[in-house]
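Written out below as structure tokens is the structure these notes cover.
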Amino acid sequence: MPNILEVQNLSLSYYSPQGETKALENISFSVKKGEFLSIVGPSGSGKSTLLSVLAGILTPTEGCVAVAEGAKTGYMLQKDHLFEWRTIEKNILLGLELTGNLTAGTREYALNLMGQYGLSGFRNRYPSQLSGGMRQRAALIRTLALRPEILLLDEPFSALDYQTRLHVSDDIVSIIKSQRKTAILVTHDISEAVALSHRVIVLSKRPARIKAQFGIQFSLPPNNSIEAREAPEFKDYFNKIWKELDF
Amino acid sequence: MENISKGQREYMEALERNKRRIRLAQIVILLAFFALWELTAQAGILDPFIFSSPSRIFTCLIQMSADGSLFRHIGITLFETCAGFVSGTALGTFSAVILWWNGSLRKILDPYLVVLNSLPKTALAPIIIVWIGNNMSSIIVTALLTSVIVTLLSVLAGFMAVEEDKILLARTFGATKPQILRYVVFPASVPAIINALKINVGLSFVGVMVGEFLVAGAGLGYLIVYGSQVFKLDWVMLSVLILAVLAALMYKWVAALEKKFTKRWKEKE
């Protein structure tokens with residue numbers, strides 16, 4: 001499979017009156033089309049910074065990010081940040097409106113996604129009327145409406161309580177996989193990373209470097225991420241990654 | 001709904017009783033106040049010449065309504081207040097947008113805004129009159145001045161308090177600064193703007209009163225100041241009562257506006 005994204009020798013520094021902070025140091029990796037990659041690291045290690053660079057919101061000090069031609073990135077944040085003054089439908093169309101891509105065609109595509117993932121009944125509702133899981137779905141559809149090839153997920157489940165989190169992460173990931181998107185998930189939750197991804201990259205403390213990489217393979221491929229958590233290899237991967245993580 | 005338990009029903013009834021009791025107490029206070037005023041005036045304990053009395057105020061109300069002069073005064077004061085209120089709010093909000101847009105300007109002007117905010121704006125009324133003249137425009141400008149700085153500061157605070165991540169979200173969609181203002185910052189600040197409106201109702205009346213005390217030939221403020229000079233305390237008291245009612249009605253109107261427009265924002269909490 002061809003690489004859809006390549007990161008080469010990425011470094012990034014922040015400047016503040018207190019001095020220079022090196023957030024990322026010499027990070028290189030590549031992602032294949034359709035791959036689900038997780039990046040774990042101790043909190044404050046610059047995981048979100050890395051994602052912002054991939055999304056093009058931050059410019060790296062050194063190095064570069066190459067995205068396959070025509071592939072767009074879509075971003076999902078920690079909280080859904082649905083605008084409480086807009087209906088679910090208007091929230092989902094927000095990205096299309098802001099990028100000036102709202103046409104009858106793109107609108108129908110977005111509404112179809114809503115129908116496909118059980119949100120049609122909430123079209124004219126407001127975010128406050130939806131459960132946390134439904135809100136996160138709406139946030140995902142808002143991102144998918146722009147037809148990104150690569151999804152950048154910045155701890156999108158961390159604001160949810162544990163039970164909801166298991167279900168929502170499984171739900172969201174199965175949507176992403178059914179849409180055959182490539183995904184890069186940043187998280188500090190090792191189990192989440194192991195259960196959801198094909199590959200896990202472990203970052204060091206700040207300045208973040210790549211410390212280790214693990215390809216995740218289960219002898220009996222699980223049907224979903226909840227089953228994956230019960231696979232015999234799960235705890236081995238968990239322990240290996242846990243040992244690599246410095247706190 | 002149909003299966004309400006005994007305990008729940010009793011609780012709801014107690015709640016209702018308590019609500020009625022509070023309402024009753026409120027009405028009793030109002031009636032007692034006017035009754036006491038009237039009785040002491042009748043008994044000669046309060047001199048009606050300088051304290052007026054509810055019955056004299058009522059007679060005055062009938063007279064002035066009959067010749068229409070009351071409505072003219074009310075209309076003028078109301079017009080000045082609304083004009084000051086609307087222009088103060090609009091100008092304050094507009095300035096807040098400019099200061100939100102330009103961070104350097106915001107920092108440069110910060111100390112001036114602090115001083116202007118603490119300065120009693122009514123102190124400027126005589127200067128305004130010298131500059132603009134002995135007319136209604138001076139009164140409206142005074143009312144505008146009383147509310148504009150407060151609006152600017154509270155709306156700006158609302159703009160600055162918009163969640164950073166909401167703006168980041170818009171930026172992940174490539175939003176430009178005008179888009180961030182229009183799609184994120186402004187709608188997210190609607191509660192702050194309406195809150196500013198609430199404060200401005202009271203402040204605009206203050207501005208209009210001071211203005212009318214100084215220059216007017218008509219309006220409730222004029223009635224108050226002129227009435228006190230010629231010892232027509234009936235006019236003064238009537239005007240004050242009407243002002244109280246007007247201010248309450250305007251506040252209610254803004255509160256209804258708030259309820260209508262900030263429903264979505266409130267539900268989030």
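Listing for the model above:
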quantity	calculated
Matching residues in segment B:160-178 - criterion: being in contact with a Ser or Thr (Cβ under 7 Å, 6 or more places away or on another chain) and at the interface with chain A (Cβ under 7 Å from one of its Cβ atoms)	B:PHE173, B:GLY174
Residues (within 20 Å of B:PHE261 (Cα to Cα) and open to solvent by less than 40 Å² (accessible area, probe 1.4 Å)) located in segment B:173-189	B:LEU181, B:TYR183, B:VAL184, B:VAL185, B:PRO187, B:ALA188, B:SER189
Test result for B:LEU105, open to solvent by 30 Å² or more (accessible area, probe 1.4 Å), among the aliphatic types (A, V, I, L, M) and closer than 17 Å to B:SER204 by Cβ	no
Within segment B:181-198, tally of residues that are more than 9 Å from every other protein chain (Cβ to nearest Cβ) and over 30 Å from B:ALA125 (Cβ atoms)	6
Residue count for segment B:40-56, restricted to those that are touching a Phe, Trp or Tyr at 6+ places or on another chain (Cβ under 9 Å) and of a type in the set (Val, Ile, Thr)	2
Residue in segment B:48-71 that is at pLDDT below 95, surrounded by fewer than 16 Cβ atoms within 10 Å (Cβ to Cβ), within 30 Å of B:LEU145 (Cα to Cα) and not aliphatic (A, V, I, L, M) present	yes
Residue under evaluation B:PHE231, criteria (1) on the phi > 0 side of the Ramachandran plot; (2) within 14 Å of chain A (Cβ to nearest Cβ), criterion not met	(2)
Any helices (runs of 4 or more DSSP H) falling wholly within segment A:92-151 and containing at least 1 residues that are at pLDDT 90 or above, crowded, with 16+ Cβ neighbours inside 10 Å and more than 14 Å from chain B (Cβ to nearest Cβ)	A:104-116
Search result, residues across segment A:196-233 that are under 18 Å from A:LEU166 (Cα atoms) and either open to solvent by 50 Å² or more (accessible area, probe 1.4 Å) or in a loop (DSSP other than H, G, I, E, B) (or both)	A:SER197, A:HIS198, A:PRO222, A:ASN223, A:ASN224, A:ILE226, A:GLU227, A:ARG229, A:GLU230, A:ALA231
Leading residue by the ranking (modelled with the lowest pLDDT) among those in segment A:153-174 that are in contact with a Gly (Cβ under 7 Å, 6 or more places away or on another chain) and of a type in the set (A, V, I, L, M)	A:LEU160
Pair list, Cβ under 8 Å, 6 or more apart: segment B:141-162 residue within 25 Å of B:THR81 (Cα to Cα), other residue part of a helix (DSSP H, G or I) and of a type in the set (Asp, Glu)	B:ALA143/B:GLU80
Residues of segment B:65-74 satisfying the condition of being under 19 Å from B:MET209 (Cβ atoms) and in contact with a Phe, Trp or Tyr (Cβ under 9 Å, 6 or more places away or on another chain)	B:HIS73
Number of positions in segment A:76-91 that are within 11 Å of chain B (Cβ to nearest Cβ), open to solvent by less than 10 Å² (accessible area, probe 1.4 Å) and β-branched (Val, Ile, Thr)	0
Test: residue in segment B:136-159 that is more than 14 Å from chain A (Cβ to nearest Cβ) and outside any helix (DSSP H, G or I)	no
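This table checks each residue for (1) part of a loop (DSSP other than H, G, I, E, B); (2) open to solvent by 20 Å² or more (accessible area, probe 1.4 Å); (3) within 14 Å of another protein chain (Cβ to nearest Cβ).
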position: A:ILE4; (1), (2), (3): no, no, no
position: A:SER11; (1), (2), (3): no, no, no
position: A:TYR15; (1), (2), (3): no, yes, no
position: A:SER28; (1), (2), (3): no, yes, no
position: A:LEU37; (1), (2), (3): no, no, no
position: A:SER43; (1), (2), (3): yes, yes, no
position: A:GLY63; (1), (2), (3): no, yes, no
position: A:GLY70; (1), (2), (3): yes, yes, no
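The values are calculated or read from the model by the stated rules, or taken from the named source; none is laboratory data. Please read these numbers as outputs of a predicted model, since none were measured by experiment. Virtual Cβ from ideal backbone geometry, glycine too; neighbours counted across all protein chains shown. The area values use the complete protein model at the heavy-atom level, side chains included, leaving out ligands, DNA and RNA. Shrake-Rupley method; radii C 1.70, N 1.55, O 1.52, S 1.80 Å.
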